[in-house]
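Every number here is computed from the coordinates shown, using simple stated rules; none is lab data. For clarity, every value in this text was computed on a predicted model and none was experimentally measured. Glycine also receives a Cβ, built like all others from the backbone with ideal geometry; neighbour counts cover every protein chain displayed.
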Amino acid sequence: MKLEELAAVVDGQCQGDGGIEITGMGTLQSAGVGEITFLSSSKLQSQLQACNAAAVILRQEDCPVWDGAAIVCDDPHAAYAQIARVLDSTPRQEPGIHPSAVISDKAIVGELVSIGANCVVEAGVQIDAGVVLGPGCVIGQGAQLGQDCRLSANVTVCHGVKIGDRCVVQSGTVLGSDGFGNSHEDGQWTRIPQLGGLIVEDDVQIGAGAAIDRGALGDTEIGNGVVIDNLVHIAHNVVIGEHTAIAACVAIAGSTVIGSRCTLAGVVGVADHVTIADDVHLTGMAMVTGSISEAGTYSSGTGLMPNREWRRSAVRFRQLDELVKRLVALEQKIPD
């Protein structure tokens, strides 16, 4: 695709030879002949000196440090995302059903659907038009998949799960599995049947190896436009608001409600029955043990430090309660 055509896609200004053929994308360090890259921050201008890209996406103020072909725009990262979609070379399955797929005659399969090798589609399933199932997917009884959903290889959608339109689910993810429901009876744990469901609304992205439990009673709910990274666990009856983003290795315990437009950075842990307001941002490894009622950025834990220093700090932390008691006693002895 020509550079000038890509500039039109992102509503940018083409600088230099607009007829250059762009065949791919790369980083500032790796991009070469026929490839385009982007400068996300003026702080990285020095990297342009050794850049061999055919063209660079950048802001107007960064143009003086690059004399090659460019697309000039206000937001290079957003432009990169748009161009990446245009140049996406990810293989796509053609519509059709592989001979090894097992599909119940009581399932409803829409037009232009692609069902890969060794897939299983059980009774009562509804698959709408344009859905793609990668090899080895299992769609349980009564599940529903909306239009143009794409499931990569070996995704399991358990019985009764409802997935909206244009959702993307990566390999190895399990949707609607039983939650951690047990009762302690006579000295042992006894399983409680999980009678609820899972509702995933439109335009949701779910990474590889994620597990989202069905509700114990009632449904687990994932709102429109939510983005979930790899290896995330979402427990039973969790509700997540629209356009919230959840990074890798986050664990969210049961019956928690998370608002819209929140961000949970990597390895965040959220306790059960917690409510988190809209527009809350949790930094990496934060541990949420209570509800958050106001928008803002929240952190917990301690930053990395040398082990010897950390050990001393840990000892002092354990002594804080005794220290407070001593200070209170001292204040009581001191006359006003």
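Just grab the label-to-label distance for residue 1 and residue 118, each label 7 Å out from Cα along the Cβ direction, in nm (one decimal). Inter-label distance under the simple model: 3.5 nm.
Around the Cα centre of the range 1-138, unit charges on the Cβ atoms of Lys, Arg, Asp and Glu (plus for the first two, minus for the last two) sum to a dipole of about 340 debye. The GluC sites (Glu not before Pro) of the range 246-334 that meet both conditions, a loop assignment by DSSP and at most 12 other Cβ atoms within 10 Å of the site Cβ, are 294. Stretched out straight at 0.36 nm per residue, the stretch from residue 311 to residue 188 would grow longer than its current Cα-Cα span by 40.5 nm. Per residue, the average separation of C-alpha pairs within less than 8 Å and at least 6 apart gives the chain a relative contact order of 6 percent.
What number comes out for the charge environment of residue 180, summing +1 per Lys or Arg and -1 per Asp or Glu over other residues with Cβ under 12 Å away? Counting the neighbours of residue 180, the net charge comes to -1. Take the Cβ atoms of residue 129 and residue 327, set R0 to 45 Å, and the FRET efficiency comes out at 0.05.
Remark on residue 97: its backbone amide H falls under 5 Å from those of 115, a criterion applied only to residues 5 or more positions apart or on other chains, H modelled at 1.01 Å from N.
Distances between placed amide hydrogens fall under 5 Å for residue 281 paired with 263, 296, 297, 298, all partners being 5 or more residues away or on another chain. Note on residue 162: aspartates and glutamates with a C-alpha under 17 Å away, same-chain residues under 8 apart excluded, are 122, 128, 148, 178, 201, 202, 203, 213, 219, 221, 242. Its Cα centre serving as origin, the chain has a Cβ charge dipole (Lys and Arg +1, Asp and Glu -1) of approximately 1400 debye.
Here's the list of lysines a cross-link from residue 325 could span, going by alpha-carbon distance under 20 Å and ignoring same-chain residues fewer than 8 apart: 333. Between the range 156-178 and the range 294-326, the alpha-carbon centres lie 40 Å apart. For the options 70, 153, 286, a Gaussian network treatment of the chain with springs between C-alpha atoms closer than 10 Å singles out 70 as fluctuating the most. Counting only DSSP beta bridges whose two residues both lie in the chain, roughly 10 percent are antiparallel. Comparing 273, 184, 233 in a Gaussian network model of the chain where C-alpha atoms under 10 Å apart are linked, the largest mean-square fluctuation is found at 184. Per-residue 3J(HN,Hα) values for the range 165-175, derived from phi via the Karplus relation 6.51 cos²θ - 1.76 cosθ + 1.60 with θ = phi - 60°, read 7, 6, 7, 10, 10, 8, 4, x, 7, 10, 10 Hz in sequence order (x marks Gly and Pro).
If you wrap the chain in the convex hull of its Cα atoms and look at it from every side, the mean projected area works out to 27.4 nm². Between the range 79-98 and the range 1-41, what's the alpha-carbon centroid distance in Å? With the range 79-98 and the range 1-41 each reduced to a Cα centre, they are spaced 18 Å.
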